[in-house]
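First up is the structure itself, then whatever we jot down about it.
Nothing in this text is a laboratory measurement; each read-out follows from the coordinates by a stated rule. Being a predicted model, the structure only gives us computed values, none of them experimental. Virtual Cβ from ideal backbone geometry, glycine too; neighbours counted across all protein chains shown.
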Amino acid sequence: MLKRTDKVQYLKGVGEKRAAQLAKLGILTIEDLLRSYPRDYIDYSSPCGVLEAPYETPCVVRATVYSRQPPVRVRGGRTIYRVDAGDDGAGLTLTFFNSPYAAQKLEPDREYLFYGRIGGGFGRREMTAPAFIPADSPHPLTAVYHQTQGINSAYLAKLVAAALASLPAEELADPLEEPLRRRWKLPALAEALRWIHQPASQEEARRARRRFAFEELYCLELGMKLLRSRSSRSAGAPMSRCDPGPFYASLPFAPTGAQRRAVEEIQKDFCAAAPMNRLLQGDVGSGKTLVAAAGMAMAAQCGYQSVLMAPTEILARQHAETLDRMLGPLGIRVALLTGSVKGKARRTLLEAIAQGQTQVVVGTHAVLGEAVQFARLGFAVVDEQHRFGVRQRGLLAGKAENPHLLVMSATPIPRTLSLLLFGELDVSILDELPPGRTPVRTMAVGSGLRGRMYGFLEKQIAAGRQVFVVCPLIEQSEEAGGETAELQAVTAYKEEVAARLLPGRRIGLLHGRMKPEQKDEVMRAFAAGEIDLLCSTTVVEVGVDVPNASVMVIENAERYGLSALHQLRGRVGRGAAESFCILVSDNDSEPVRERLAFLCRTADGFAVAQYDLEHRGPGDFFGRRQHGLPTLRVADAATDARMIETAAAEAAALQQRDPELSAPEHAALRQAVERLFEAAGGTAVN
Ligand code: ADP
Ligand code: MG
């Protein structure tokens with residue numbers, strides 16, 4: 001009898017070579033095979049005749065095979081196999097390259113349904129490499145699988161059918177319990193597997209997909225909760241008397257109500273038995289740094305050190321300065337530790353950290369280095385979290401017996417996505433901006449208006465303001481291909497455009513290829529008002545705070561997601577002066593224009609993020625897959641929003657009952673969670 005965990009080689013027709021090819025698709029076992037869901041279906045249920053079939057559009061045609069032509073060898077070692085077919089109305093030639101099997105399977109005088117595009121012309125009709133099934137096939141819906149060299153979709157369908165037929169029912173232990181399935185009307189595993197691979201109707205396929213999407217989200221949530229319950233087993237850094245009062249009293253302004261609420265939540269967590277795991281969400285400029293500083297002040301009261309990790313040197317430096325300003329008056333010593341702190345200065349600093357004389361350390365990845373040892377680390381803050389992976393978070397936690405952790409997200413994330421990305425974290429939201437902010441006036445222009453735009457910049461600079469210009473690339477040659485010329489390369493831009501249109505103005509340049517010291521120097525000069533206009537790449541995207549800057553110009557604005565644009569826009573509007581964001585784009589496709597128009601009329605970062613998610617999908621948030629969490633194979637973060645909420649709630653309820661998923665009836669579920677996180681190289685369960 002076939003087992004779930006058996007290797008695919010147990011199936012007839014799978015030899016070593018096939019097994020190796022399947023392994024490339026991640027298919028090693030029978031279960032892997034069954035869990036490789038189709039990416040689509042061909043619906044053969046309403047075929048048309050050859051004459052009615054449209055040209056160059058995927059369609060299904062019913063035709064009878066007449067005869068196979070002898071193979072024709074062409075240059076390049078290729079062989080063409082042609083089959084003549086047709087119906088009462090017209091003839092249809094089927095062409096297959098290098099694939100004798102497909103042609104051989106087609107029997108003369110039998111009727112088939114062919115799926116593909118009709119080509120030809122002048123009355124001649126042909127289909128190249130069509131998919132097909134016999135016209136009397138009981139399955140009018142056929143699964144289409146991801147293919148790889150040597151493994152085509154039809155072959156996978158055959159293997160799946162064989163596996164489904166010979167796998168005993170008890171091998172299909174369902175990770176989703178019966179009551180749960182009943183509650184959400186989800187089919188059982190065995191049924192769902194049949195439906196997703198061999199659906200009798202679109203409805204069956206849809207219901208099966210829904211079940212697997214739910215299962216995936218449910219397992220993801222559970223896995224993240226397991227990760228979290230691991231870290232909360234140890235006591236962390238319990239604090240007894242902590243009070244943000246003295247910190248508030250030393251500030252030049254009053255914290256907002258939202259900041260106070262977030263600090264209160266942190267205070268509660270600090271005093272609890274388990275370490276804090278909290279996500280701080282807030283729009284650009286909502287004052288997240290102050291909340292972190294309040295936490296650091298409280299930690300210091302209780303004799304603990306704090307660390308803040310930022311994604312770039314520029315940001316780390318700025319945070320160090322801000323924190324020093326806020327915490328210095330309380331007698332708390334703040335130090336900056338980045339890769340460019342070297343030699344004796346570094347040794348002295350490391351010593352002070354190890355001795356506990358430095359209470360707050362701000363840095364880049366460098367703070368994760370082994371040489372950095374804290375005397376008593378109690379509170380860790382990660383700024384702009386999505387650039388750090390789960391692994392780094394773990395490393396940071398390892399610097400002490402699980403310090404309290406605060407993750408500050410750079411941009412607002414829609415609730416559903418934050419459940420997916422940060423499901424293991426509690427959330428504090430800053431839904432209020434500090435008083436006195438006027439929304440940034442945002443407009444979209446074509447480069448035809450460049451002359452006028454520069455006139456406007458000239459006026460702003462003359463009035464003592466400063467300007468950011470963000471361009472996509474560093475040098476013209478950076479990206480090959482035709483579109484390169486259209487992109488505003490930042491170096492050329494500075495020399496040709498900005499210098500010509502703003503003669504006599506001080507123009508700075510900032511990009512990711514510069515050395516950290518150079519970047520710092522430029523940022524310092526800009527912040528000090530020694531530069532009027534700063535041409536930069538998106539290195540200014542996160543965090544940088546220059547209150548006197550009042551205009552943000554973004555060239556080739558169509559290249560960015562709205563959240564990124566919103567983030568860039570947040571660099572201005574930090575001072576009292578009215579601020580402007582000018583989106584320059586010559587792309588006038590409808591979706592691009594609509595997107596930019598939406599940003600022009602929307603100031604709320606959460607609304608912007610939601611728009612991004614709905615129109616561009618979750619890719620912008622998941623970024624370069626650095627988060628270390630499993631990728632979703634069935635569920636879709638954009639369209640399955642309600643299901644994410646449901647799965648998260650169900651996972652939370654189950655976790656109450658069986659935190660470690662150790663009950664025997666949860667064995668299959670636990671395995672499913674393991675599978676999901678293993679595939680991501682993660683370690684939710686061990
Ligand atoms: P972000 O949430 O984008 O990280 P920051 O922490 O950089 O925002 O804060 C943005 C600006 O707002 C800073 O210049 C900061 O000093 C200022 N700020 C923060 N909180 C307040 C407040 N309660 N009142 C006035 N200004 C504030
Ligand atoms: Mg910030």
FRET efficiency for A375 and R260, using Cβ-Cβ distance with R0 set to 25 Å, rounded to 0.05
0.25
A653 to V592: extension gain in nm, 0.36 nm per residue of separation minus the Cα-Cα distance?
17.8 nm
If I model a spin label as a point 7 Å beyond the Cα along the Cα-Cβ vector, how far apart are those points for E321 and N548 in nm?
1.1 nm
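How charged is the neighbourhood of S201? Take every other residue with its Cβ under 10 Å from the Cβ of S201, and add Lys/Arg as +1 and Asp/Glu as -1. Spell out each step's value before the answer.
Numbers: positive: R206, R207; negative: D43, E203, E204.
Residues close to S201 contribute a combined charge of -1.
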The range 45-136: Kirkwood hydrodynamic radius (Cα pairs, Å) comes out at 13.1 Å
List every residue whose amide H lies under 5 Å from the amide H of L534, counting only residues 5 or more places away in sequence or on a different chain, with H placed 1.01 Å from N in the peptide plane.
V467, F468, V469, G508
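State the three equivalent ellipsoid semi-axes of the chain, derived from the C-alpha gyration tensor as the square roots of 5 times its eigenvalues, in descending order and whole Å. Could the numbers behind the result be given before it?
Values: eigenvalues 576, 253, 91 Å².
They are 54, 36, 21 Å, listed largest first.
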Highest-first arrangement of 344-355, 132-143, where packing means the average Cβ count within 10 Å:
132-143, 344-355
Figure the gain on full extension for W184 and R505 (residue separation times 0.36 nm, minus the Cα-Cα span) and round it to one decimal in nm.
109.1 nm
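Just want the ordering: F97, F212, from fewest to most Cβ atoms lying within 10 Å of their own Cβ. Write out the running numbers ahead of the final one.
Details: F97 12, F212 22.
Ascending Cβ contact count within 10 Å gives the list F97, F212.
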Take the cross-link list K3/K158; K342/K515; K342/K519; K288/K342; K105/K158; K158/K185 and give me the ones stretching past 26 Å between alpha-carbons.
K288/K342; K158/K185
R75-T639 pseudo-label distance in nm [points 7 Å out on the Cα-to-Cβ vector]:
4.5 nm
With a ≥ b ≥ c the root eigenvalues of the C-alpha gyration tensor of the range 103-242, is it rounded (a/c under 1.5), prolate (a/b larger than b/c) or oblate?
prolate
Over the chain, what is the relative contact order in whole percent, taking alpha-carbon pairs under 8 Å and six or more residues apart?
13 percent
May I ask you to derive the relative contact order of the range 440-602, considering only C-alpha pairs under 8 Å and at least 6 residues apart, and to give it as an integer percent?
33 percent
Simple spin-label model, 7 Å along Cα-to-Cβ: L449 to K24 in nm?
5.1 nm
Based on other C-beta atoms within 10 Å, arrange M453, M1 from fewest to most.
M1, M453
How big is the range 440-602 by the Kirkwood estimate over distinct Cα pairs, in Å?
15.8 Å
Cβ crowding within 10 Å averaged over residues, with 69-82, 280-293 ranked highest first:
280-293, 69-82
Which of the lysines could a cross-linker span from K459 if the Cα-Cα distance has to be under 20 Å and same-chain partners fewer than 8 positions apart are dropped?
K494
Burial order of peptide ranges 646-653, 600-607, 214-221 (average beta-carbon count within 10 Å, highest first):
214-221, 646-653, 600-607
